[in-house]
Structures are given as C-alpha cells and as structure tokens.
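The values are calculated or read from the model by the stated rules, or taken from the named source; none is laboratory data. Quantities reported herein were computed from a predicted structural model and do not represent experimental measurements. In this analysis, Cβ positions are derived from the backbone assuming ideal geometry, glycine residues included, and neighbour counts consider all displayed protein chains.
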Amino acid sequence: MIIDIIISGLINGSVYALLAIGFSLIFGVARIVNIAHTAFYMVASYCIYYATHQMGVHPVLAMLVAIGLVTLIGLICYKLFIDPIREHEAAVLIATIALAIAMQEIMLLIFTGDFLSVPALVTGYLKIFEVKIAYQQLLTFAVALLILAGVWALLKKTRLGLAVRSTAQDREVANLMGMNESRVAMMTMAVSVGLAAFAGAVVVPLSVVHPHMWMHPLIMMMAVVVLGGLGSLKGSFVGAYILGLAESLVVFLIPMGAFLKGSVALSIMILVLLIRPEGLFGVAFEEER
Amino acid sequence: MKRFGFVLGVLLAVCLVMTIGSPAWGAKVIKIGVIGPMKFVQGKGHWNGATLAAEEINAKGGIQVGKKKMKIELVKADSNEFLSMTDATNAMELAITRHKVDFLVGGFRTEAVLAMQDIAMDYKKIFIGCGAAHPKLCTRVAQNYDRYKYWFRGTPFNSMYLARTCFIHMATVGAILKKMLNIPKVKVAIVAEKAMWVDPMVAAAKGFIPKMGMEVAGIWRPSAVATDVTAELSAIQRAGAHMIFTTFSSSVGITFARQAGELKIPAAQVGINVEAQKDGFWDATEGMGNYVMTMNTYARGVEYNELTAPFVDKYIKKFAEVPTYTADTYAAIIYTLAPTIEEAGTLDADKLVAVLENRECMVPSGKIRYTKDTEGRHLHDLKWGPGYLTSLGTQWQDGKLKGVWPNRWKASKDAPEITYKGIVPYKIAPWIIDKYKK
C-alpha cells in the first residue's frame with residue numbers, strides 16, 4: 001500500500017506542480033495574483049478539444065496551437081485588464097476573478113455544460129511494483145520535472161531571466177538601470193499563461209473538459225503556492241508533492257472519506273501556516289531574491 | 001365630473017383585478033414551467049422532452065379543458081442547480097410569479113429540488129419531478145399532505161428502488177462472473193459519489209451485498225466532480241474487487257470510467273453512471289468506457305411497450321440522440337398531466353391532485369401508478385416492479401449502448417420471466433477474462 005500511496009501522490013503532485021509553477025512565477029515577478037491562471041488552463045483544454053474533435057487536427061499539433069493561442073489571449077488580457085491597474089493589487093485580484101468568470105461563461109455559451117474530453121497523447125499503462133500507471137500520467141510527471149528545470153534555466157541562465165529576477169528584486173532600480181519593467185512583466189505573464197496552457201495540454205487527457213474545471217485546481221494551486229511560500233518556485237514544487245501525497249493518503253487510509261482529500265490537503269496547508277506563516281520556502285525565497 | 005371619475009376608477013380597478021386575479025383557465029393557454037439546469041445535458045433532456053410533448057399536443061389543437069381547447073406554452077426556467085441553490089430557487093420563484101406558470105415539470109439535484117418543491121407548494125402549483133430520486137421528496141407528501149400534495153414524482157423511481165434494481169443487476173453480473181470465470185466468491189467495491197441521493201443506496205448496498213453471497217471489498221466516496229480517481233482505482237484493485245458497484249450522476253462518472261478503462265482495472269462496473277446513459281459517453285471517455293454497465297431508461301432498439309419505440313424514434317429524429325431519463329418530461333406532460341386535466345375538466349390544482357393520485361397510465365418506460373405508504377397515506381411516489389416501472393440495464397459494447405437487462409428475469413420464484421424486446425446478452429470485458437479465467 002505504501003508504494004501505491006507514493007506513486008499516486010507523485011502523480012497528483014505533478015499535476016499541481018505544473019499549475020502552481022506558472023502562478024508562482026507571475027506573482028513572484030510582477031506581484032500579480034492571477035486568479036484566472038487555471039481559467040487559461042480551461043480555455044486551452046477547450047481549444048484542444050475543438051481542434052481535435054471538431055477540426056480533426058492531430059492532438060500534438062492541437063496542443064501546440066492551443067498553447068500559442070492561449071498565450072496570445074493571456075497577453076491581450078494582460079494589456080487590456082491587468083496592466084492599466086497593476087499598481088493596485090486588490091484591483092488586479094478582482095479583475096482576474098472577473099476575467100476567469102467571463103472565460104467560464106464564454107465557454108459555457110459556446111460549448112454548453114456538456115462533459116467533453118481530449119485524446120491522450122499516449123495510451124496504455126505501465127506496472128511499477130504491481131501498481132498500474134497510465135503512460136499519460138508518467139508523461140505528466142516527466143513534464144512537470146522538465147518544466148521546473150526549464151523555468152530554472154530560463155531564470156538563471158538567460159538575459160531574460162536576469163531581467164526577470166532583477167525586476168522581482170526591485171522594480172524601481174531595475175527601471176533606473178534601463179530595464180523596461182512593464183515589458184518584463186508582460187513576458188513573464190506570457191510564460192506563466194503558456195505554462196497554464198501547457199498544463200492543460202498534458203493534464204486534461206486524464207480528466208474531463210467542462211466550463212467549471214478551473215475551480216478545483218485553482219483552490220489546490222493556491223494551497224500549494226501558499227504552503228510552499230508565495231512566489232517561491234521551489235516552494236510550489238515541494239508543496240505540490242506534499243499535497244499530492246496527502247490526497248493519496250486520504251484515499252488509501254479513509255476510502256469512505258475520499259471526497260475529503262481536498263479538505264485534508266487544505267487543512268495541512270493551514271497547519272503549516274500556523275507554524276510557519278511565510279510558508280515552507282518563503283524566507284529562503286526572499287534571500288534568493 | 002366627480003361621478004365620472006369615480007366610475008372610471010371603479011372600472012380601472014375591475015380591469016386590474018381581472019387582469020391579475022383571473023384564474024389560469026380564463027387564459028387561452030396552459031403555461032408549463034420546465035425547470036432544470038438548461039446549460040447541462042439533464043436540463044436539455046427536460047426541455048427536449050417537454051418540447052416534443054407540447055408540439056404533439058398543440059398539433060392536435062391543445063388540451064380539452066371543460067368545453068374549450070387550450071394550447072400549451074412552455075416556459076424555460078434555468079435552475080443552474082449544479083452550481084447554485086439560490087439560482088434554482090430564484091428560477092422557481094420567477095417561473096411562478098413572473099411567468100405565471102400553471103404547472104411545473106423538471107428538477108434534477110435532490111438538494112435543489114427539495115428547496116424548489118417548497119416554493120411550488122407555497123403557491124399550490126402541481127410540480128412533477130423529473131430527475132431527483134431521494135425518497136424524502138415523497139415522504140413529505142405523506143407527512144404533510146395538505147402542503148405537499150401538489151408534488152408528484154415523474155421519474156426516476158425513488159433511490160431505494162434504484163438500489164434494488166442495481167442489486168438485481170449486480171446479482172445478474174455476479175452470477176455471470178461466477179459461472180464464466182469460476183470465481184468462488186465475488187468481491188464488490190462500492191464506489192459512490194458524495195451526494196445526498198447516493199447515501200441511502202450506499203447504506204443499502206453495504207447490507208445487501210453479503211446477503212447476495214458476495215463480499216464487500218471496500219467503500220470509496222470520491223467527490224462528484226473529482227478529476228482524478230487513479231488513487232481510488234489502485235486501492236480498488238489492491239482490495240481484489242471483481243466488480244465495482246458505481247453510483248455516479250456527475251462528471252466523476254466519465255473520469256472513473258475513462259481511467260478504469262485506460263488502466264484495464266479487472267473489475268466489472270455495474271450500477272448507475274448517469275453519464276454512461278448518454279450517447280456522448282463513448283466520445284467523452286475516448287472509447288475507454290467500453291463494457292461499462294449502467295441502469296438506464298432508454299436504449300436504441302429496446303422496447304418496454306408499444307409506446308417506447310415511437311417516442312424514442314421521434315426523439316432521436318428531432319434531437320439526434322437517445323433520450324435520457326430527464327426527457328421523461330414528455331411522459332409527464334402528455335400521459336400524466338394532459339389526460340388528468342381533460343378528465344377533471346379544470347386547471348384547479350386541488351381537483352387535479354384528486355384525479356392524478358388515482359391514475360394509472362402507460363408511459364414509454366412502462367406503467368405509472370402512484371403509491372401509498374404502509375399507513376395508507378398518499379406518497380405520490382412511483383410503483384416499481386414487473387408490469388410497472390423496472391428501467392433497463394444497459395452496457396456499452398464496442399461503441400454502442402445495448403440493453404442487457406431484464407434478460408429472462410424472474411421477479412420472484414413463481415413470477416414469469418421478463419425479457420424486453422431488443423435485449424442482448426451481457427459481455428465480460430476481455431481484460432477481466434484474462435485476469436481470472438483459469
């Protein structure tokens with residue numbers, strides 16, 4: 001049973017990590033709490049559904065197009081709704097909530113509330129210690145690790161990464177040094193939304209596409225980010241796996257209370273915050289910055 | 001001049017009273033509120049069934065109410081009950097007070113229907129439920145008849161009978177597994193979404209499975225909107241279950257079927273999976289829902305009686321899909337409400353209740369008769385059993401939803417065998433055969 005718990009936990013955690021990294025990135029750099037983050041993930045899922053089922057496009061191509069399209073939508077939304085009010089954090093929060101609900105309603109109008117699906121990139125399963133794991137799940141796990149490595153490399157090894165980190169450290173000084181802070185924030189937004197769309201492309205074949213599919217991941221993603229320390233990528237990654245494992249523990253140890261897995265995960269988050277209000281890696285991240 | 005003003009005032013007052021207070025049968029049409037989650041498949045079923053009924057009735061000139069014919073006008077009320085209880089109660093209030101509906105059909109989620117039922121009862125409007133299964137909706141009638149007598153169950157039969165039918169399906173499939181795969185004692189995993197209508201079924205299943213000579217392998221209660229159940233599936237497989245008794249009415253039904261199919265979990269799925277009742281299930285699971293069995297109301301080519309095929313064919317022709325049980329708003333209007341109004345010759349709710357509660361009529365899914373409780377009090381619940389309503393057992397077989405039960409079913413030892421027209425044999429999934437065949 002321990003093997004089952006560990007494997008299930010790692011798979012669940014990867015899904016949350018994929019979502020949380022993008023959210024954490026835009027918060028860490030631009031101080032934007034983008035509640036619409038998982039709504040972009042939902043829109044990407046619908047784009048893939050439409051391309052594969054209505055237009056007959058190959059799933060891989062559909063995913064690439066969806067990621068590009070959703071990133072573009074994200075940038076337009078940023079320019080129109082977020083950038084003009086960026087100085088007011090509460091207003092940004094409310095604007096992104098409105099944005100998420102608007103996207104939900106648009107999808108509801110176009111596709112109705114029917115439950116839809118997108119094809120898996122790889123079908124079949126693998127047995128590890130007698131535990132069956134779908135190839136698509138393994139792909140999610142691998143992609144989560146790759147994405148983290150990619151984001152780390154972007155931040156540490158590129159000029160853009162240097163600009164992003166400088167801006168995150170001190171916006172005014174970065175401006176004085178000649179960096180276009182607004183453009184850096186916009187590019188970070190593009191990367192963040194692109195990551196949400198990528199998560200949609202990888203995760204959704206395991207799940208169901210519907211207009212409200214962004215809500216549950218949003219709660220879990222927020223829990224992950226708060227648990228790990230707001231703005232800390234490392235924290236988000238570790239937090240995601242902690243909550244993933246907690247969910248698995250609930251399913252295996254209290255099967256009658258499997259529906260409580262989300263609540264238990266959130267309770268763990270609260271418990272950690274009571275002991276360490278800045279989250280697991282909050283302080284470490286401040287030092288990193 | 002003063003006198004003229006007074007007369008004018010009285011005339012205006014009379015006009016106002018006549019406009020607002022005149023009874024519905026003073027109007028030219030009968031307004032039927034169709035309430036349900038209209039952006040979702042359940043609400044679409046409500047609306048489609050009602051539309052078909054209204055078109056048929058209106059094509060014949062309407063319903064005979066006393067000496068005049070009255071046409072039907074449908075009022076669409078979006079309850080949005082999956083997401084908001086407040087939306088549901090507002091929709092009901094709006095349908096009654098603003099649109100002045102005479103009758104109501106629909107409702108899906110028990111938690112919302114209980115609240116909507118109270119509003120309909122406040123206004124003494126006949127409300128035929130076409131979706132919620134909890135027995136409480138009808139026990140309220142027995143406990144407080146004067147208030148709740150305007151409620152009638154239209155479909156499905158209550159969750160205790162749903163459970164009973166599922167147990168028969170389970171016993172049937174259990175016997176097939178035992179015989180074909182030489183399994184000495186079949187182990188059953190109970191997997192039920194967390195929802196109110198499921199609670200009595202889980203309790204009943206837990207007690208009843210051992211009585212059927214099977215063993216409970218465990219009980220899992222995922223969220224109704226869970227997006228990942230692989231942990232549950234791992235645990236079920238670890239528990240050695242040969243069969244999974246499912247009770248799903250929401251999206252988790254697709255997630256569960258798809259992931260179980262993807263992982264080739266060697267356990268036969270039997271029970272209720274509302275999503276598996278729909279034509280879209282095959283695509284929604286990307287074909288991974290093969291061999292899933294679910295209780296159902298209609299399937300292509302399966303007939304309960306002479307009314308089934310005309311209704312199903314007409315529905316498929318108009319809406320390009322097989323009706324699900326919420327489309328029984330059709331039967332609620334055309335076979336229940338309309339003949340009752342014609343028999344009573346009035347739209348007066350109290351007089352209609354007296355006629356309706358004693359009616360017995362054929363509908364496309366069997367025969368309807370309203371029941372009483374053990375103390376002889378009216379429940380306005382539906383009679384279950386051979387000759388009345390039994391529902392179907394349907395199974396996805398290579399992209400097609402086939403009727404597999406009742407197949408030579410005997411309700412009791414001495415009862416005659418029942419097999420509906422169009423029923424085919426149940427199929428065991430090949431990966432289950434591979435796992436257990438010795």
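Points to keep in mind about this one:
- Strands (runs of 3 or more DSSP E) enclosed by region B:175-273 - at least 3 residues per element that are more than 26 Å from the chain's Cα centre (by Cα) and either surrounded by fewer than 24 Cβ atoms within 10 Å (Cβ to Cβ) or away from chain A (no Cβ under 12 Å) (or both): B:215-220
- Top-ranked residue of region A:201-214 - restricted to ones that are within 12 Å of chain B (Cβ to nearest Cβ) and within 12 Å of the chain's Cα centre (by Cα), ranked as farthest from A:Gln104 (Cα to Cα): A:Val203
- Elements of type strands (runs of 3 or more DSSP E) contained in region B:30-116, each with 1 or more residues being touching a Gly at 6+ places or on another chain (Cβ under 6 Å) and either of a type in the set (Asp, Glu) or within 22 Å of A:Ile110 (Cα to Cα) (or both): B:68-78
- Residue ID - surrounded by the most Cβ atoms within 10 Å (Cβ to Cβ), chosen from residues in region B:91-147 that are β-branched (Val, Ile, Thr) and farther than 27 Å from B:Arg164 by Cα: B:Val101
- Entry remark, region A:16-41: residues being surrounded by fewer than 24 Cβ atoms within 10 Å (Cβ to Cβ) and closer than 14 Å to A:Phe81 by Cβ number 2 in total.
- Count of residues meeting criterion [aliphatic (A, V, I, L, M), over 17 Å from B:Ser250 (Cα atoms) and in a loop (DSSP other than H, G, I, E, B)] in region A:196-230: 1
- Selection status of A:Leu230, among the aliphatic types (A, V, I, L, M) and away from chain B (no Cβ under 14 Å): yes
- Within region B:313-342, being charged (D, E, K, R) and at pLDDT 95 or above holds for B:Asp313, B:Lys314, B:Lys317, B:Lys318, B:Asp328, B:Glu342.
- The residue of region A:1-45 that is farthest from the other protein chains (Cβ to nearest Cβ), among those that are aromatic (Phe, Trp, Tyr) and touching a Gly at 6+ places or on another chain (Cβ under 9 Å), is A:Phe27.
- Strands (runs of 3 or more DSSP E) enclosed by region B:353-413 - at least 2 residues per element that are aliphatic (A, V, I, L, M): B:360-363, B:378-382, B:400-405
- Residue-level check: of (1) over 20 Å from B:Ala171 (Cα atoms); (2) surrounded by fewer than 24 Cβ atoms within 10 Å (Cβ to Cβ), B:Gly289 misses just (2).
- Hey, B:Lys410 of a type outside the set (Gly, Ala, Ser) and without any contact (Cβ under 8 Å) to a residue 12 or more places away in the chain or not: yes
- When region A:236-250 is limited to residues that are out of contact with any Ser or Thr (no Cβ under 7 Å at 6 or more places or on another chain) and at the interface with chain B (Cβ under 10 Å from one of its Cβ atoms), the one that is nearest to A:Phe23 (Cα to Cα) turns out to be A:Gly244.
- B:Thr297 falls short on exactly one of the conditions (1) among the polar types (S, T, N, Q); (2) within 23 Å of A:Ile7 (Cα to Cα); (3) more than 8 Å from every other protein chain (Cβ to nearest Cβ), and that condition is (2).
- Residue check, B:Ile433 in contact (Cβ under 8 Å) with a residue 12 or more places away in the chain and farther than 24 Å from B:Ile368 by Cα: yes
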